[in-house]
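Just so it is clear, none of the values below were taken in a lab; they were calculated from the coordinates. What you are looking at is a predicted structure, and each value in this text was computed from that prediction instead of being measured. Because the Cβ atoms are built from the backbone with ideal geometry, glycine has one as well, and the counts that use them run over all protein chains shown.
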Amino acid sequence: MKIAFTADNHLTTQSRNPERFQALADILRQCGENQVKLLVIAGDLFDQSMPNYTEFEALYKKHRPPDLTTAIIPGNHDENLNQENISADGLIIHDKPQLLPLNKTWKILFVPYQKGQTMGSVIAPFAAELTGQRWILIGHGDWSPGLKSPDPYEPGVYMPLTRSDLSLYKPELVFLGHIHFPFNGKKVRYPGSPCPLNVTETGLRRFLLLDLKQGKITPKLVDSPLLFFDERFVMLSRENELEFLENQLKDRIDSWGLPAGWEKRVQVQVEVAGFSADREAVKKIVREVFSPFSFSKDGEPDLKKLYHRPDPDREQIALDIQTWIEELDWTESASAPSKTEILEEALKVIYGVE
């Protein structure tokens, strides 16, 4: 049996955000291609500003593969979503916690968002039925040990799941909605939003595919018509600095893994900080390298933190510091600065810049 997982679609209307409907249509299409039997939408199918059930029904009826069942749990944006709101074959809305069998071996527990509750408190009444079982948790909220920074789209704490909950109730797999960034923990996963809502939701978008027989989880690329990238670079005044920057820019674009022909989908923000002998030349190179894409912020690269301050002694110190930072055994995380951020702070000290 194959199960697909998505969340945080935030559908509004076709006229306002057609790209969100197109992303969901692509997930349904891929469910058919991959012989998926169950599609799970882990909350926030709709955006609370303007949920449009009629347009969703039309999309679902048009693109739903034969024999696909879709299970939806309401998220914090789906306050009034229940089975009576939507009429479509093969669609089930679990607006109350429910434990169901998947097959002879596995069970699945649907935990819709409940304001003011923790996920553990909602799982607790099912504890006896879960003991000794192989089971999957579907919820909508925060995985508190795994994510150290708040979601910029929705700050605050929403129905948290804790490490103690995992230890006590022992789900084998957990798929959550609410956080829009893709996240792969040892046991807990967020598929992330299949179409970005704003420029903070960067990178290629995905949904997750579970082959229950093989126990294998595979990320599947969503054919999203809108993509955001937010890129920052730090320059040091050096010989061949423009050539060095150009190579950095091209390498960063290559790292996106963007499929051929997707360039027009991308909106990008580019910030260049640090020091350069020729700020105007820097702007020109950034424009040229990123010309296949649209700039989402003022139509220009951001050079507000790029300074012109030639000083051979400071330049050499900055280059030495950069080499040292690049060689650090450093793991980036949500709670630790990146090497780029460390270098920026070092340059402020070296050049006396606020």
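Restricting to DSSP H runs of at least four residues, report the calculated mean residue ellipticity at 222 nm for the chain, -39500 (n - 2.57) per run over all residues, nearest 500 deg cm²/dmol.
Value at 222 nm, helices only, nearest 500: -8000 deg cm²/dmol.
Please give the peptides 33-45, 217-229 ranked by average Cβ packing (other Cβ atoms within 10 Å per residue), highest first, as a rough proxy for protection.
33-45, 217-229
Quick check on region 208-354: of the DSSP beta bridges with both residues there, what percent are antiparallel, nearest 5%?
25
What's the FRET efficiency of GLU326 with LYS170 using the Cβ-Cβ distance as r and R₀ = 41 Å, to the nearest 0.05?
0.45
If you take every residue apart from THR218 with its C-beta less than 10 Å away from the C-beta of THR218, what net charge results, scoring Lys and Arg +1 and Asp and Glu -1?
+3
For ALA7, which sequence-distant residues (separation of 5 or more, or a different chain) have an amide H within less than 5 Å of its own amide H, given hydrogens modelled in the peptide plane?
Those qualifying (amide H under 5 Å, at least 5 residues apart or on another chain) are ALA42.
Which lysines, if any, have their Cα less than 27 Å from the Cα of LYS2, not counting same-chain residues under 8 positions apart?
LYS37, LYS61, LYS62, LYS96, LYS104, LYS107, LYS170, LYS186, LYS187, LYS213, LYS216, LYS220
7 Å from Cα along Cα→Cβ at both VAL157 and ASP302: what's the point-to-point distance in nm?
Spacing of the two 7 Å Cα→Cβ label points: 3.0 nm.
Can you compute the modelled spin-label distance between ASN247 and ALA260, with each label point 7 Å from Cα toward Cβ, in nm?
2.6
How many angstrom lie between the Cα centre of region 1-71 and the Cα centre of region 72-101?
13
Sorted by mean Cβ packing within 10 Å, highest first, what order do the peptides 267-274, 191-198, 280-287, 80-87 take?
Result, highest mean Cβ count within 10 Å first: 191-198, 267-274, 280-287, 80-87.
Convert each backbone phi in region 24-33 into a coupling constant with the Karplus relation 6.51 cos²θ - 1.76 cosθ + 1.60 (shift: θ = phi - 60°), then list the ³J(HN,Hα) values in order as whole Hz, x for Gly and Pro.
5, 4, 5, 4, 4, 4, 5, 4, x, 5
Which order do peptides 290-297, 92-99 fall in by mean Cβ count within 10 Å, highest first?
In descending order of packing, they fall as 92-99, 290-297.
Skipping prolines and chain starts, which residues have an amide H placed within reach, meaning under 5 Å, of the one on MET235, given they are 5 or more residues away or on another chain?
Placed amide hydrogens put ALA273, GLY274, PHE275 under 5 Å from MET235.
Considering the chain as a Gaussian network with a 10 Å cut-off on Cα pairs, which listed residue, GLY299, GLY215, GLY120, attains the greatest mean-square fluctuation?
GLY215
Lysine pairs in region 227-351 with Cα distance under 26 Å, only those 8 or more apart or on different chains: how many are there?
Eligible lysine pairs with Cα atoms under 26 Å apart amount to 28.
Considering only DSSP beta bridges with both partners in the chain, what is the antiparallel share in %, to the nearest 5?
Just about 30 percent of them are antiparallel.
Using modelled backbone amide H atoms (1.01 Å from N, in-plane), which distant-in-sequence or interchain residues come within less than 5 Å of ILE72's amide H?
ILE41, ILE92, ILE93, HIS94
Excluding ASP89 itself, calculate the net charge of residues whose Cβ lies under 9 Å from the Cβ of ASP89, where each Lys or Arg counts +1 and each Asp or Glu counts -1.
+2
From the phi of every residue in region 254-261, what ³J(HN,Hα) in whole Hz does the Karplus formula 6.51 cos²θ - 1.76 cosθ + 1.60 yield, where θ is phi - 60° and glycine or proline is x?
Taking θ as phi minus 60°, the curve returns 4, 5, 5, x, 6, x, 4, x Hz for region 254-261.
Cα centroids of region 241-285 and region 188-231: how far apart, whole angstrom?
Cα centres, region 241-285 to region 188-231: 24 Å.
So if I restrict to the alpha-carbon atoms in region 250-344, what is the Rg, and what is Dmax, the biggest pairwise distance, in Å?
15.7, 46
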